[in-house]
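*Asks:* Pasting in a structure now, in structure tokens, and then I'll have a few things to ask.
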Amino acid sequence: MTFPILSALIALPVIGGLVVLLVKRDDLALPLSIASSLVTFGGAVWLLFAFESGEAGFQFVEKSTWHEPWGVGWHVGVDGISLLMVVLTAFLFPIALLASTAITHRLRQYAASMLFLQAGITGVFLALDLLVFFIFWEAMLVPMYFIIGIWGGERRVHAAVKFFLFTAFGSALMFAAILSLGFLASDQLGGPTFDFVELLGADLTRNAQFWLFAAFGISFAIKVPIFPFHTWLPDAHVEAPTAGSVILAGVLLKLGAYGLIRFNLTLFPEAAVDLVPVLAVLAVIGIIYGAMVAIVQTDIKRLVAYSSVSHLGFVVLGVFALTTQGLQGGVIQMVNHGLTTGLLFLLVGMIYERRHTREISEFGGLATVMPLFAGAFLFTAFASIGLPGLNGFVGEFFVLIGSYLSLPGYAIAAAFGVVLAAVYLLWAYQRMFTGEITVEANRGLSDLNLREKIIIIPMAALVVFLGVYPKPALEIIKPSVDAILERIEEKTDYVVPDFGSTGDIAVEVGE
């Protein structure tokens, strides 16, 4: 194939954003941006079906040299891990833009910021040159900062600045680590290079791996976020507009987990094995802490925000279980969390647009006047909890099975997070939707309209599909996961625990 599909997936949102800015009509901003994102989604779907799922290496690779003496160039590619994240990104953006009707001021700037954010996130998932990766990492920070700071809630400036400072601190560490890695590997590779594939051939000392792992890891831990780097997230989620929260939960947080898998596990395998206990402890703390704090929240949006801290703890635990099942579960859970939590934020935004409050105590008995909305919320809560037959179950099942093989005590502790998730989500549902209407302002609320149904239905369909038949997604992920674990075994004394064929498990769950 000669057409640069990966570059096109990055460029299309940028072109769409520029068109939105140049067409000086606010009433056309959202339609144009939705059209642009739908074209990008079409390209991502084509990529999904053209991808060879049995291959572990990077496909559709595009590479050109910018400055040979420094080893800098354009290098993008996609494997089974990044493919699903690219498709998820392309899927969520048109939905988030369609849910942005509450934005009434500076619409062109808002729509363009969303499209530029999409380009940055897609670039992060596709970049195979570390400097290009860093450029996209920083590029997506700017539009997200403005989306929160300009179109957010009452404390939007505080939340945006906090988000920016946390991320910028991590970025500074990562940039220093990228430069150090490029020059540390120069003696072995014949010169400085920032090409990820070439850097896999470098043989770094254990000490160098530790410090580089720490610098990359802190940056990615902030983005996930892993406890105790999570404090920026609830403020950012609560103050961001609905679409901002959807993208933040759906794909932005996954950049950190993706970075841990792509760079920390593969470039620094010895450090990864040595630091498994540290990351596993932090993951389990995040699972339990996030769930317990979510239980006591009175603001439904803040409750969902803390649920993200808990659910992403499962992702980190699966990644650092260093088993095929755990790592595979961590990746599929990234996708599942993006769908379920993104849908929860959309539903919270819909009720906020009607009542302009997110306080749980202001609701009650909503199922009487909004039966479809109540059903959609309960369905999504069940998916987030991990009800068998819905997507959340698949990811948590693989993570817990995989982590039990290598970290049984941590897996048992993490399982309590599943119970706590049922507590905070079902209790919130009971208070908001069951019983008699106690607040008169709720009696006149309208149920889901056509636009809202169009938003919910495709997400709900994917939730069911991935819950009933996850086999295609798992088959895409597995070769890349196996390649990472084989590299860890090759470079260290670690032996991946054997639990039979992951493919057999995928068949049992998927069929």
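*Asks:* Packing-wise, with mean Cβ within 10 Å as the measure, how do 279-291, 153-165 rank, highest first? Display every interim value, and only then the final one.
*Replies:* Numbers: 279-291: 22.9, 153-165: 16.9.
Descending packing order for the listed peptides: 279-291, 153-165.
*Asks:* Quick one: what are the phi-derived ³J(HN,Hα) couplings along region 388-398, Karplus 6.51/-1.76/1.60 with θ = phi - 60°, whole Hz, x for glycine and proline?
*Replies:* x, x, 10, 5, x, 5, 4, x, 5, 4, 5
*Asks:* For region 106-223, what is the charge dipole size about the Cα centre, in debye to the nearest 20, if Lys and Arg each add +1 at the Cβ and Asp and Glu each add -1 at the Cβ?
*Replies:* Numbers: 7 positive and 7 negative charges, 156 e Å.
Once rounded to the nearest 20, the dipole reads 740 debye.
*Asks:* Among the trypsin sites (Lys or Arg not before Pro) in region 422-477, which ones are in a DSSP loop with at most 12 other Cβ atoms within 10 Å of the Cβ? Mind listing them?
*Replies:* Values: sites: Arg431, Arg443, Arg451, Lys453; in loops: Arg443.
Those satisfying the criteria are Arg443.
*Asks:* Continuing with this model, one more query. Picking from Leu474, Ser446, His237, whose Cα lies most toward the positive end of the charge dipole for the chain (charges on Cβ: Lys, Arg +1; Asp, Glu -1)?
*Replies:* Result: Ser446, furthest along the dipole toward the positive end.
*Asks:* Now for a different question. Charges on Cβ only, +1 for Lys and Arg, -1 for Asp and Glu, centred on the Cα centroid of the chain; of Phe169, Ala294, Leu131, which one is farthest towards the dipole's positive end?
*Replies:* Of the listed residues, the answer is Ala294.
*Asks:* For Asp129, what residues show an amide H to amide H distance below 5 Å, using hydrogens built from the backbone and excluding near sequence neighbours?
*Replies:* Under 5 Å from the amide H of Asp129: His75, Phe196.
*Asks:* If you plug each phi of region 91-107 into the Karplus form 6.51 cos²θ - 1.76 cosθ + 1.60 with θ = phi - 60°, what whole-Hz ³J(HN,Hα) values come out, in order, with x for Gly and Pro?
*Replies:* So the J values, rounded to whole Hz, are 6, 6, 5, x, 5, 5, 5, 5, 8, 9, 5, 6, 6, 10, 10, 6, 5.
*Asks:* Between Trp66 and residues 5 or more places away or on another chain, which pairs have amide H atoms under 5 Å apart, with H built 1.01 Å from N, and which residues are they?
*Replies:* Val72, Gly73, Trp74
*Asks:* Mind checking the dipole of the chain: about its Cα centre, +1 per Lys or Arg Cβ, -1 per Asp or Glu Cβ, Debye to the nearest 20? Don't jump to the answer; show the numbers that get you there.
*Replies:* On the way: 25 positive and 37 negative charges, 351 e Å.
For the chain, the charge dipole is close to 1680 debye.
*Asks:* Distance from the Cα centre of region 325-342 to that of region 1-76, in angstrom?
*Replies:* Spelled out, the Cα-based centre of one part sits 23 Å from the other.
*Asks:* Something else about it: Quick one: which of 107-119, 381-393, 69-81 comes out on top by average Cβ neighbours within 10 Å, and what's the full order, highest first? Mind showing how you got there, number by number?
*Replies:* Details: 107-119: 25.9, 381-393: 22.2, 69-81: 20.5.
Ranked by mean Cβ neighbours within 10 Å, highest first: 107-119, 381-393, 69-81.
*Asks:* If you average the sequence gap of Cα pairs under 8 Å that are 6 or more apart and divide by the length of region 275-511, what percent do you get for the contact order? Intermediate results must be reported in sequence, preceding the final value.
*Replies:* Working: 373 pairs, mean separation 60.8, N = 237.
For region 275-511, the relative contact order is 26 percent.
*Asks:* For region 97-146 and region 189-263, what is the centre-to-centre distance using only Cα atoms, to the nearest Å?
*Replies:* Centre-to-centre distance over Cα atoms comes out at 17 Å.
*Asks:* Of the chymotrypsin sites (Phe, Trp or Tyr not before Pro) in region 202-270, which ones lie in a loop per DSSP and count no more than 15 other C-beta atoms within 10 Å?
*Replies:* On the way: sites: Phe210, Trp211, Phe213, Phe216, Phe220, Phe229, Trp232, Tyr258, Phe263; in loops: Phe229.
Answer by residue number: there is no such site.
*Asks:* Taking amide hydrogens as modeled 1.01 Å from N in the peptide plane, which residues meet the under 5 Å criterion relative to Phe227, leaving out close sequence neighbours?
*Replies:* When sequence neighbours closer than 5 places are left aside, the close amide H contacts are Gly286.
*Asks:* Also, quick follow-up: Restricting to DSSP loop positions (anything but H, G, I, E, B) with no more than 12 other Cβ atoms inside 10 Å of their own Cβ, which GluC sites (Glu not before Pro) remain in region 1-76? Numbers along the way, then the final one.
*Replies:* Values: sites: Glu52, Glu55, Glu62; in loops: Glu52, Glu55.
Sparse-neighbourhood loop GluC sites (Glu not before Pro): Glu52.
*Asks:* What are the ³J(HN,Hα) couplings of region 468-482, residue after residue, when phi is run through the Karplus curve with 6.51, -1.76, 1.60 and θ = phi - 60°? Round to Hz, x for glycine and proline.
*Replies:* Each residue of region 468-482 in turn: 8, 9, x, 3, x, 5, 5, 5, 5, 6, 4, x, 5, 4, 4 Hz.
*Asks:* In addition: Suppose a student asked you for the relative contact order of the chain, using Cα pairs under 8 Å spaced at least 6 residues apart; what percent would you report? Don't skip to the end; give the middle numbers.
*Replies:* Working: 898 pairs, mean separation 74.3, N = 511.
15 percent.
A short reminder: the numbers here are calculations on the coordinates, not readings from a lab. Note that the structure is a prediction, hence the values are computed from the model and not measured. Every residue, glycine as well, gets a Cβ built from its backbone with ideal geometry; the counts of neighbours run over all protein chains shown.
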